[in-house]
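A.B. asks: The structure under discussion is supplied below as structure tokens; questions concerning it will follow.
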Amino acid sequence: MALHLILIRHAETAANVQKRWVGWNDTPLTERGEAQAEAVARRLANEVSDAVALYTSPLPRARRTAEAIGQALGLDPVPLDGLREINFGDMDGVTLEEMKTHYPDLYERWRDRTDVEFAWPGGERRSDFFRRVIATCDDILSRHRQGTVLIVAHGGTLRAMLAHLLPERMSQWWGYELTHCAVTRISVEDGRASLLALNDTAHLPSF
């Protein structure tokens, strides 16, 4: 039997609305974010009958989302440090426009998605971030052989995970659109992953 992964980006936060980079710092869910978390929880409760584990980033915005899902599925979220967003370091809380205006050299280097040695000042290097996420993904896969495993994390984390699971699309890692609380489904059988659904938002409120 195949193992099914369901990847869910955390619900919308205040920093998302303000278009600010937030990595390891905290930012509360918005009212819409709370509604998104409840909506995805209801959908998963109706669609998933064989859930065996629910993993989450320990950052509050992801944990809050995972707790809503866990309550609906009768699962306790298991926090894994490796699922945290990339550490933006000194740029945490900065908007893209502020970065472009005040740190133009950094902005230009950041735009090169092939530059895996790009590092956030005082934060994390892309290559180190990828290694962290890959190790965490492989650890999760080593724990389960069948059933459905749910993973609640961040946009950057889930993109890195998709790049690892779907290496033939590695060059597209930054292009994956991942809406807050959308559902992405992957089947893993005999060590090979197949993308079943990407960024499914049918359950989300329209406001």
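Computed from the coordinates by the stated procedures, all read-outs in this text should not be read as laboratory data. Values in this document were obtained by computation on a predicted structure and should not be read as measured data. Quick reminder, even Gly has a Cβ in these numbers, built from the backbone with ideal geometry, and neighbours come from all protein chains shown.
A.B. asks: What's the number of the condition Ser142 fails, among (1) at positive phi; (2) over 15 Å from the mean Cα position of the chain (by Cα)?
C.D. replies: All conditions are met except number (1).
A.B. asks: Output yes when any residue across the stretch 156-179 is of a type in the set (A, V, I, L, M, F, W, C) and farther than 29 Å from Asp112 by Cα, and no when none is.
C.D. replies: At the first step, the residues of the stretch 156-179 found to be of a type in the set (A, V, I, L, M, F, W, C) are 158, 160-163, 165-166, 170, 173-174, 178.
Imposing the further condition that a residue be farther than 29 Å from Asp112 by Cα reduces the set to none.
Among the residues of the stretch 156-179, not one is of a type in the set (A, V, I, L, M, F, W, C) and farther than 29 Å from Asp112 by Cα, which makes the answer no.
A.B. asks: How many residues are without any contact (Cβ under 8 Å) to a residue 40 or more places away in the chain and part of a helix (DSSP H, G or I) when one looks only at the stretch 2-42? Explain how you work it out, then say what you get.
C.D. replies: Start the filter on the stretch 2-42 by keeping residues that are without any contact (Cβ under 8 Å) to a residue 40 or more places away in the chain, which leaves 14, 17, 26-31, 34, 38, 41.
Filter once more, so that each one left must be part of a helix (DSSP H, G or I): 14, 17, 31, 34, 38, 41.
Residues in the stretch 2-42 being without any contact (Cβ under 8 Å) to a residue 40 or more places away in the chain and part of a helix (DSSP H, G or I): 6 in total.
A.B. asks: On to the next question. Going by what's in this entry, would Asp139 be described as of a type in the set (Asp, Glu), part of a helix (DSSP H, G or I), within 24 Å of Asp81 (Cβ to Cβ) and touching a residue at least 40 places away in the same chain (Cβ under 8 Å)? Before you say what the answer is, go through the steps one by one.
C.D. replies: Details: of a type in the set (Asp, Glu): yes; part of a helix (DSSP H, G or I): yes; within 24 Å of Asp81 (Cβ to Cβ): yes; touching a residue at least 40 places away in the same chain (Cβ under 8 Å): yes.
Yes.
A.B. asks: Give the residue that is farthest from Ile6 (Cα to Cα), with candidates limited to residues of the stretch 80-113 that are part of a loop (DSSP other than H, G, I, E, B), in contact (Cβ under 8 Å) with a residue 24 or more places away in the chain and not charged (D, E, K, R). Lay out the reasoning, then the answer.
C.D. replies: Pass one, the stretch 80-113, residues part of a loop (DSSP other than H, G, I, E, B): 80, 84-88, 92-94, 103, 112-113.
So of that shortlist, the ones also in contact (Cβ under 8 Å) with a residue 24 or more places away in the chain come out as 80, 84-88, 92-94, 113.
After this cut, where a residue has to be not charged (D, E, K, R) as well, the list is 80, 86-88, 93-94.
Values: Leu80: 16, Ile86: 21, Asn87: 24, Phe88: 26, Gly93: 29, Val94: 30 Å.
By that ranking, first place goes to Val94.
A.B. asks: Of all the residues that make up the stretch 58-79, how many are touching a residue at least 40 places away in the same chain (Cβ under 8 Å), assigned to a loop (DSSP other than H, G, I, E, B) and either in contact with a Pro (Cβ under 6 Å, 6 or more places away or on another chain) or more than 19 Å from His4 (Cα to Cα) (or both)?
C.D. replies: Count: 1.
A.B. asks: Can you work out which of the residues in the stretch 177-207 that are surrounded by fewer than 19 Cβ atoms within 10 Å (Cβ to Cβ) and among the hydroxyl-bearing types (Ser, Thr, Tyr) is farthest from Glu67 (Cα to Cα)?
C.D. replies: Here the residue is Ser194.
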